[in-house]
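Every number in this text was worked out from the coordinates using simple rules, so none of it is lab data. Treat the numbers as computed from the prediction; the structure is a model and nothing was measured. Cβ: placed from backbone, ideal geometry, glycine included. Neighbour counts: every protein chain shown.
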Ligand SMILES: Cc1cc2nc3c(=O)[nH]c(=O)nc-3n(C[C@H](O)[C@H](O)[C@H](O)COP(=O)(O)OP(=O)(O)OC[C@H]3O[C@@H](n4cnc5c(N)ncnc54)[C@H](O)[C@@H]3O)c2cc1C
Ligand code: FES
Ligand code: FES
């Protein structure tokens, strides 16, 4: 039990946001993380489940995902789960357990800005945008959203472009139910054998997911099956990592090289 | 605050604290088959189904379940007659201390509903959030395969 005075369920984004501006209030979606909070000051939880934000809509060039969509729905949606030739299905399945995926929402996963979040790495690899509400609706790149602390804003929707090219996700964890020691997403489009575009995202460094632009730029114009070793060496030189209970900064650097090698082999197949 | 929840097909109108967890509510109401272990969404012992989906009651706010249907382990046996999964667990020696079993059965019921003929890999994958300190999982996997077969042949 957490000690609060009220649990409210507003039915519009505007009213949820207004209540959210009151001191000692917190939004709750799946509740997985909020249920662990031990704060004496917290007075009010604002449940976002009545905002009609549980949907996956397919448009011509992208999918729109409501913030309250559960991670399990991403896997069970026939068209969305197959995005990037099954990239979404395979990568989301790496997260937690069936129970966790039935509870965790897309909005809660992104808004919490966890360094070890696989969800953020996966959606950043796909080139997603976030719609937020803070008095008005705004749309920003996921990459910019996680680097800014937008206080009190409600995440309402994620837009995920239809991916052309190949996309893979690699996660290294100590067990298949543990959070990542390091995770890595790679999206590559090819012109014949040559890399035309590349997006490389690494998370759980243990800091927040980040694009590794030096390596992306290095790969462009190179032959995909010849770039692996040099790219793997380069990422270890340029990536910023840290030490925590799971691994040292040096270990994570070496791991980034191995995961990139693995990802590039899968992309080249 | 007052909430209305259907638990194992019975309607309950209950007074709860706003920050109360479903696990606490269920045990207070007498559904003691729902086990309290880690409280951090890490072990699966407290698993119940909400609207047919397995979730962790230790990390679910009761207030969020207002208007929904909950099924606990007590809802899967029929007037004292064990379900196929429970029977197979006994027969295969898949329960030692038994603490993880209610959560395991509730999760396995959802698996067999989604996939009546799971292979070993699919069972291990689906049940990876249900930790067991005693059995080493082999007998549990065997039991679920056996129960699935019995159910298909029923
Ligand atoms: C045991 C366990 C294992 C896990 N394993 C993994 C893993 O392997 N990989 C991974 O990526 N994640 C993992 N997770 C994290 C899981 O995905 C998070 O619980 C999830 O990210 C939080 O989602 P939620 O909907 O439950 O959020 P909540 O707990 O409801 O909210 C989280 C935070 O976000 C805020 N918030 C919620 N919704 C919104 C919104 N729409 N707009 C603005 N703010 C909002 C809340 O105020 C709170 O601060 C794990 C979690 C647990 C407990
Ligand atoms: S008690 Fe709920 S997951 Fe362990
Ligand atoms: S039988 Fe003891 S924890 Fe599973």
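Need one value for A:22-35: mean number of C-beta atoms belonging to other chains within 10 Å of its residues' C-beta atoms.
3
Comparing A:236, A:210, A:138 in a Gaussian network model of chain A (Cα springs below 10 Å), the most mobile by mean-square fluctuation is A:138.
If you take the Cα centroid of region B:14-73 and the Cα centroid of region A:116-186, the two points sit 29 Å apart. Quotient of the Cα radius of gyration of region A:6-47 and 2.2 N^0.38 Å, N being its number of residues: 1.10.
Which of rounded, prolate or oblate describes region A:111-251 when judged by the alpha-carbon gyration tensor and an a/c cut-off of 1.5? Oblate. The label point for residue B:138 and the one for residue A:244, both projected 7 Å from the Cα toward the Cβ, are 3.6 nm apart.
Considering only A:156, A:243, A:181, the Gaussian network model of chain A with Cα springs below 10 Å gives its largest mean-square fluctuation to A:243.
Kirkwood radius and radius of gyration were both taken over the C-alpha atoms of region B:84-153, and their ratio Rg/Rh is 0.91.
Normalised by 2.2 N^0.38 Å, with N the number of residues, the alpha-carbon radius of gyration of region A:27-76 equals 1.46. Every Cα-Cα pair in region A:1-160 was counted, and those over 22 Å apart are 39% of them. What is the helix-to-structure angle for B:138-153, meaning the angle in degrees between its Cα long axis and the longest Cα principal axis of chain B, kept from 0 to 90 and rounded to the nearest 10? Computed tilt is about 90 degrees.
With the radius of gyration and the Kirkwood radius both derived from the Cα set of the protein assembly as shown, what is their ratio Rg to Rh?
In the protein assembly as shown, Rg relative to Rh is 0.99.
For residue B:11 and residue B:40, the FRET efficiency from 1/(1 + (r/R0)^6), where r spans their Cβ atoms and R0 equals 25 Å, is about 0.20.
The gain in end-to-end length when the residue A:229 to residue A:254 segment is fully stretched comes to 7.7 nm, 0.36 nm per residue minus the alpha carbon separation. Multiplying the residue separation of residue A:5 and residue A:147 by 0.36 nm and subtracting their alpha-carbon distance yields 47.9 nm.
Modelled spin-label separation between residue B:81 and residue A:59, with each label point placed 7 Å from Cα along the Cα-to-Cβ direction: 5.4 nm.
Among A:160, A:168, A:98, the residue with the largest mean-square fluctuation in a Gaussian network model of chain A, with springs joining Cα atoms closer than 10 Å, is A:98.
Shielding value for B:34-43 is 2, the average number of Cβ atoms from other chains within 10 Å of each residue's Cβ.
Averaging 1/r over each pair of different alpha-carbon atoms in chain B and inverting the result gives 15.7 Å, the Kirkwood hydrodynamic radius. Compactness ratio for region A:53-144: Cα radius of gyration over 2.2 N^0.38 Å (N = residue count) comes to 1.02.
Set the Förster radius R0 to 60 Å, insert the Cβ-Cβ distance between residue A:22 and residue B:153 as r into 1/(1 + (r/R0)^6), and round the FRET efficiency to 0.05. With a Förster radius of 60 Å, E is 0.55. You can think of it this way: the chain between residue A:176 and residue A:213 has 10.4 nm of extra reach, that is 0.36 nm per residue less the Cα-Cα gap.
Where a ≥ b ≥ c are the square roots of the eigenvalues of the C-alpha gyration tensor, would you call region B:1-62 rounded, which needs a/c under 1.5, or, failing that, prolate if a/b is larger than b/c, or oblate?
Because a/c hits 1.5 or more and a/b exceeds b/c, region B:1-62 counts as prolate.
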